[in-house]
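Let me begin by presenting the structure, written as C-alpha cells, before commenting on it.
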Amino acid sequence: PAAPPHRAGWSPRSPCPASAGCVPVTQATPTPSRAVMSSPCDARALTTRCAVAMAAGDTGYRKERSVPLKSSSSALYNNLSVLPLRDKQLTYFAAVHGSTVSLASASADGLSVSHRQLQAKEGGLAVSASIVTQASWCVLPSRVLLVLTSQKGIQMYESDGSIMVYWHALDVLEPPPAQAVFARGIAAASGRFICVGTSSGLVLVFDIPSKGTNITLSEVLEEHRDSITDIASEVGENPDGDADLVTADDSGALCVWRSKEEFSLLTKISAFGWTCSSVKLWNGVIAAGYGNGQIRLYEAMSGALRATVSAHARWIYALDLAPLTGKLLSGAEDSYVQIWKLSRSPDTGDIEIEHCHSECVTDTQLCGARFCDPEGNAFAATGYDLSEIVRYGQV
C-alpha cells in the first residue's frame, strides 16, 4: 500500500513511454546560468519562461565506499533516513525492508559499520508481521527520536533504536473492504511536535516532552481526503514566519499549515492528476516531486505555482533539501539522482533554480535519497532490492 504498483516491463534503461507524460529537461545555454521564476505568471508563461538552465560548471560528486545493509530496501517512497552525528564523526542510516528496519552506523570513511534491526510491533512484546512503511529521525531541540510507521501503528524510539519510548495503535474498527490501513509521512514541527500521516488522510500531531515517555496525541488534522504520502517542515528561514509545515497525499493535493500552539490551515494546493510522493519546504518555497517525474515549486504562503521542472523520466521517490545551501536532491525510478540549487533573487525575491549535478546509479530503481550533511556536500541513496546504501561525496 505504501508504493505505487510496479509497472510491468519496466527496466531502468527503458525509454520513457509517451503515456508517462514526461518531457526532457530543457537545457538552456550557459548564460544565464539560472532560470528565474517571477510572479505573477500564468500557465503559458510557465511553459515559455521556466526552462531550467544547466549550470556552467557541474558541481562534481564521486562515489565513496558503500554502507552494507543486513537486508535489501523495499520499493517505498522516501525509503532512506540519515542522521549525521558530527561530534562522533558518525552517520546513522535507516532503510525499510518488509517488517524490518535496518539501521547502520558508519564512520566517515565507511570502514567502520555497526548494525541494528528493528521489527514492526503491535505493542508490548508481541511481534507482528505488519509491514513497515517508513522510518525517519525527527530532530527536536531537546532530543532526537526515530519514528517508525506501519500497518499497525506508530513506534517512537530513542535515536539509536535501543529503547522504544512510545507506541500508538491505529484506531481502525471496520476498515472498508480492500482498503489498506497504514501510517506514512513523518516530520518534526515547531520544536515540540511530531506529525505522522495515515492512510485515511488524517495527520496525527504528537506533543513530545523534552525527555521521558509522556508523549500525547494533541491534535488531529483532517483536511486531506486521500492517503498521506509525505510531510515536511520548514528547514530554512521562512521569510513570512507562518507557513512551516506542508502535507501531501496520494491525489497530489498539498496542504500548508502554521504550527504554533494549535495548527491552522493557510492554503491548499489542488491536485493535477499525479501523486505527490515527496515534498520539502525551504525559505518559504515548497518543492514537490510527482509520479510523472516533475518537480514543482510553489510559494508556501499563497500556494502559487512558480516553476515546473521535468526532472526525471520516471516516478520520483525522494526529495531532500540541504538547509544551509538550498541544494535540492531528487531520486527516481529512472536510476538518476539529480542535484539542484534553489535560491531567491536578492533584487526581486523571485525563485531561481539551477541544475548542478546528475548521477546515474546503474540498473537501480531508486527508492530513497538523502543528503548526509546540512551543506549538501555528500548524499546517499537506496534502491529496490539493493542490500547496500550507495554514497557520494563532493569532489
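What's the percent breakdown of Cα-Cα distances in region 238-395 across 10 Å bins, shortest bin first?
Taking every Cα pair in region 238-395, the percentages come to 11, 40, 35, 13, 1.
Name the long-range amide H neighbours of Thr382: under 5 Å, sequence gap of 5 or more, or other chain; modelled H, no Pro or chain starts.
Amide H neighbours of Thr382: Cys367, Gly368, Ala369.
Around Tyr157, what is the net charge, scoring Lys/Arg as +1 and Asp/Glu as -1 over all other residues with Cβ under 12 Å from its Cβ? Walk me through the numbers before you get to the answer.
Details: positive: Arg116, Lys121, Arg143; negative: Glu158, Asp160.
Neighbourhood net charge equals +1.
Which loop-located GluC sites (Glu not before Pro) does region 210-308 contain, where loop means any DSSP state but H, G, I, E or B and the Cβ has at most 11 other Cβ atoms within 10 Å? Numbers along the way, then the final one.
Numbers: sites: Glu219, Glu222, Glu223, Glu234, Glu237, Glu261, Glu262, Glu299; in loops: Glu222, Glu223, Glu237, Glu261, Glu262.
In loop regions of region 210-308 (DSSP not H, G, I, E or B), the sparsely surrounded GluC sites (Glu not before Pro) are Glu222, Glu237, Glu261, Glu262.
Explain nothing, just compute: Karplus ³J(HN,Hα) = 6.51 cos²θ - 1.76 cosθ + 1.60, θ = phi - 60°, for every residue of region 74-86 in order, whole Hz, x for Gly and Pro.
7, 7, 10, 4, 6, 8, 6, 10, 10, 10, x, 10, 5
Binning at 5 angstrom from zero up to the longest distance, how are the C-alpha pair distances of region 266-317 distributed in percent?
Taking every Cα pair in region 266-317, the percentages come to 5, 22, 32, 26, 12, 3, 0.
If you stretched the chain out fully between Arg86 and Ala108, how much longer would it get, using 0.36 nm times the residue separation minus the C-alpha to C-alpha distance? All intermediate terms of the calculation are to be shown ahead of the outcome.
Details: separation 22, 0.36 × 22 = 7.92 nm, distance 0.95 nm.
Length difference between fully extended and current span is 7.0 nm.
Would you please classify the overall shape of region 139-293 from the alpha carbon gyration tensor, given that a ≥ b ≥ c denote the square roots of the eigenvalues, rounded means a/c under 1.5, and beyond that prolate means a/b larger than b/c while oblate covers the rest? Display every interim value, and only then the final one.
Working: a/c = 1.75, a/b = 1.10, b/c = 1.59.
Cα axes put region 139-293 in the oblate bin.
Between Asp160 and Thr362, what FRET efficiency comes out of the Förster formula 1/(1 + (r/R0)^6) with R0 = 30 Å and r the beta carbon distance, rounded to 0.05?
Details: r = 33 Å, r/R0 = 1.10.
After rounding to 0.05, the efficiency reads 0.35.
Longer than 30 Å from Cα to Cα, which of Lys63/Lys152; Lys63/Lys341; Lys63/Lys327; Lys88/Lys280; Lys121/Lys268 are they? Say none if no pair is.
Details: Lys63/Lys152 38 Å; Lys63/Lys341 20 Å; Lys63/Lys327 18 Å; Lys88/Lys280 28 Å; Lys121/Lys268 35 Å.
Long pairs (Cα-Cα over 30 Å): Lys63/Lys152; Lys121/Lys268.
Please give, to one decimal in nm, the separation of the simple spin-label points placed at His115 and Arg62, each 7 Å out from Cα toward the Cβ.
Rounded to a tenth, the inter-label distance reads 2.9 nm.
How large a share of the accessible area of region 257-395, in percent, is made up of carbon and sulfur atoms when the probe is 1.4 Å and the other protein chains stay in place? List each step's numbers first, then the result.
On the way: 1880 of 4200 Å².
Accessible surface attributable to carbon and sulfur in region 257-395 totals 45 percent.
Tally up the carbon and sulfur contribution to the accessible surface of region 56-110 as a whole percent, 1.4 Å probe, everything protein left in place. Show your work: numbers first, answer last.
Values: 1060 of 2340 Å².
That share works out to 45 percent.
Hey, with R₀ at 22 Å, roughly what FRET efficiency would Val139 and Glu262 work out to, going by the Cβ-Cβ distance, to 0.05?
The computed FRET efficiency comes out at 0.45.
The values are calculated or read from the model by the stated rules, or taken from the named source; none is laboratory data. Just so you know, these numbers come straight off a predicted model, no measurement behind them. In this analysis, Cβ positions are derived from the backbone assuming ideal geometry, glycine residues included, and neighbour counts consider all displayed protein chains. Protein only, heavy atoms only, side chains kept; ligands, DNA and RNA dropped before computing areas. Shrake-Rupley method; radii C 1.70, N 1.55, O 1.52, S 1.80 Å.
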